1. Is it true that L78 is free of Cβ contacts under 8 Å to residues at least 60 places away in the same chain and either under 22 Å from T228 (Cβ atoms) or not in a strand (DSSP E or B) (or both)?
2. Somewhere in region 36-44, is a residue exposed (fewer than 13 other Cβ atoms within 10 Å of the Cβ), at pLDDT below 95 and not in a strand (DSSP E or B)?
3. List the residue pairs whose Cβ atoms are under 8 Å apart, where the first residue sits in region 108-131 and is without any contact (Cβ under 8 Å) to a residue 12 or more places away in the chain and among the small types (G, A, S), the second is surrounded by 15 or more Cβ atoms within 10 Å (Cβ to Cβ) and not in a strand (DSSP E or B), and the two are 6 or more positions apart or on different chains.
4. Please determine, by comparing only the residues of region 119-161 that are β-branched (V, I, T) and in a strand (DSSP E or B), which one is farthest from T196 (Cα to Cα).
5. Six or more apart or on different chains, Cβ atoms under 7 Å: show the pairs whose first residue is in region 163-185 and more than 16 Å from Q236 (Cβ to Cβ) and whose second is assigned to a loop (DSSP other than H, G, I, E, B).
6. Would you point out the residue of region 19-62, among those that are among the β-branched types (V, I, T) and without any contact (Cβ under 8 Å) to a residue 60 or more places away in the chain, that is nearest to L94 (Cα to Cα)?
7. Of all residues in region 59-100 being over 22 Å from the mean Cα position of the chain (by Cα), surrounded by 13 or more Cβ atoms within 10 Å (Cβ to Cβ) and among the small types (G, A, S), which is nearest to F118 (Cα to Cα)?
Amino acid sequence: MKYKIVILLLFACASFSSAQFNGKKFAVSVNAVYTTTAKIYLSPNSSDQIIRNSFFPLDDIVNPSVDLKYSLTDQIILGLGTEYMKETKSGKNLTAFSGNQTVAVDVEDGFILIPLEFSVYYKLPFSTEKFKFLMGGGAGLYFGEHVRKFGDAEVSNVNRKTAYGIHVMLTMDYLIKPYLSIRGEMKFRDPQFSVTSRYNKQQVNYDGKTITLAQETFDSKINVDGVTFLTGIAFQF
């Protein structure tokens with residue numbers, strides 16, 4: 001539904017006259033990115049639907065990004081961007097054995113995600129010399145891994161697949177100088193990838209006790225489905 005609203009807005013604005021992009025062809029920006037939420041599914045292959053759909057939430061994710069834009073025409077702009085997103089949080093997400101008892105282990109779970117996104121922007125016709133409004137969309141490759149830390153155990157990802165996805169966004173640039181602008185953006189995307197990870201040992205020293213892990217490998221699925229907000233500085237040339 002949100003994608004349809006954006007597309008309708010694009011066509012609704014198509015009848016207005018357009019503004020120049022002040023003669024600049026390239027723009028490089030350095031940004032701070034805020035993502036509202038992400039989810040880690042810790043048992044994505046369970047036969048139990050409730051367990052399979054249970055997730056560990058990660059909220060309020062902040063990370064850096066950079067992007068390059070090229071003005072193909074007065075109205076069409078091409079963009080290429082990347083980020084480094086890393087977030088972890090503690091939770092009792094692991095069950096292990098301590099002697100003859102099972103215990104819930106507090107672990108630090110999270111993920112690393114590096115998107116590579118290609119976008120095409122349309123400069124909205126009500127843009128002015130100072131304010132540039134863009135509407136765009138595109139596709140991305142998403143490279144990620146599951147991060148887990150507890151005790152003296154180490155976890156490595158042994159199998160992970162590159163994720164693919166689409167995105168749409170609204171962008172505004174306010175030109176302080178002809179070569180410098182403040183940028184704001186709102187983006188909708190939904191990257192998701194699956195990972196198989198392996199522990200380096202079965203016997204783990206945890207809080208001064210030795211616990212035994214129930215399995216050597218585990219599967220997880222990471223879904224970064226929150227709304228993304230961006231603010232940054234762009235250099236026009």
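The values are calculated or read from the model by the stated rules, or taken from the named source; none is laboratory data. Here the structure is a predicted model, which is why all the values come from computation and not from measurement. Neighbour counts run over all protein chains shown; Cβ positions are idealised from the backbone, glycine included.
1. Values: free of Cβ contacts under 8 Å to residues at least 60 places away in the same chain: yes; either under 22 Å from T228 (Cβ atoms) or not in a strand (DSSP E or B) (or both): yes.
It is true that L78 is free of Cβ contacts under 8 Å to residues at least 60 places away in the same chain and either under 22 Å from T228 (Cβ atoms) or not in a strand (DSSP E or B) (or both).
2. There is no residue in region 36-44 that is exposed (fewer than 13 other Cβ atoms within 10 Å of the Cβ), at pLDDT below 95 and not in a strand (DSSP E or B).
3. Close Cβ pairs (under 8 Å, with a partner that is surrounded by 15 or more Cβ atoms within 10 Å (Cβ to Cβ) and not in a strand (DSSP E or B)) do not exist here.
4. Of the residues in region 119-161, the ones β-branched (V, I, T) are 120, 128, 147, 155, 158.
Narrowing further to those that are in a strand (DSSP E or B): 120, 147, 155, 158.
Working: V120: 34, V147: 11, V155: 10, V158: 6 Å.
The extreme case among them is V120.
5. Within 7 Å, the pairs are A163/P191; G165/D190; G165/P191.
6. Our first condition is that a residue be among the β-branched types (V, I, T); within region 19-62, this holds for 28, 30, 33, 35-37, 40, 50-51, 61-62.
Still in the list and also without any contact (Cβ under 8 Å) to a residue 60 or more places away in the chain: 50-51, 62.
Working: I50: 17, I51: 13, V62: 26 Å.
Per the criteria, the residue is I51.
7. Here the residue is S71.
Per-residue answers, yes or no, for (1) buried (at least 16 other Cβ atoms within 10 Å of the Cβ); (2) within 18 Å of A32 (Cα to Cα):
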{"position": "L134", "(1), (2)": "yes, no"}
{"position": "G137", "(1), (2)": "yes, no"}
{"position": "L141", "(1), (2)": "no, no"}
{"position": "D152", "(1), (2)": "no, no"}
{"position": "N159", "(1), (2)": "no, no"}
{"position": "Y164", "(1), (2)": "no, no"}
{"position": "T171", "(1), (2)": "yes, yes"}
{"position": "L180", "(1), (2)": "no, yes"}
